[in-house]
């Protein structure tokens, strides 16, 4: 049995309506799904970053990105922590008093951290924005003093920092490495970019 012109017209209208509806639903779904992810603008503005540090072993460092900057998380050995107290006289700002890169109050100590074992710092030299290299091994090495206890060396102009990010005297870098706001959610979870209810 053949369709009448009226039936054909009705079928065409229903198919067209269904297609338009499906396309419209697709456009609605895309922004809805996208809303589950932080926007690039939010990330750039400094949305907090949560980090799992459970796999970080003593003497190791990991790097995460926050506000477009590399943030280092260093797990210091007991020996490295102990060595920090021995070099205050060699440092330009051992107590983090300078304000160009304000240090959070809970990091204004010898370790520049909430917990002695872990140091959290921005891996950008305060001189010209280079990225210092890890020099964790203690002892005499090229471009480092014979009594080196471990830390960081900026290869561009020779600035040196200890394992708390404190700059040594008479170096081009004018300040210690920046310590961002951070807090611990647990022994293995760290948040960078927030410091509410920080725990010692």
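No value in this document is a laboratory result; all are computed from the given coordinates. Quick caveat, the model's predicted, so the values are computed rather than measured. Note that we place each Cβ from the backbone using ideal geometry, even for glycine, and neighbour counts take in every protein chain shown.
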> Taking the inverse of the average 1/r across all pairs of different Cα atoms in the range 43-192, what Kirkwood radius in Å do you get?
Replying inline: 15.4 Å
> In nm, what is the difference between 0.36 nm times the number of residues separating residue 63 and residue 82 and their Cα-Cα distance?
Replying inline: 4.5 nm
>> Given points 7 Å out from each Cα along the Cα-Cβ axis, report the residue 137 to residue 48 separation in nanometres with one decimal.
In response: 4.0 nm
> Percent relative contact order of the range 43-192, based on C-alpha pairs within less than 8 angstrom and at least six residues apart?
Replying inline: 27 percent
> When a footprinting reagent is the concern and you count Cβ atoms within 10 Å, what order do 118, 161 take, fewest first?
Replying inline: 118, 161
> Say a paramagnetic label sat at a point 7 Å from the Cα of residue 90, along Cα to Cβ; which residues of the range 126-145 have their backbone N under 14 Å from it?
Replying inline: 135-145
>> Once you order the gyration tensor axes a ≥ b ≥ c over the Cα atoms, which shape class does the range 59-115 get: rounded for a/c under 1.5, otherwise prolate or oblate by comparing a/b with b/c?
In response: oblate
>> Suppose the chain between residue 110 and residue 147 were pulled fully straight at 0.36 nm per residue; how much longer would it get relative to their current alpha carbon spacing?
In response: 11.4 nm
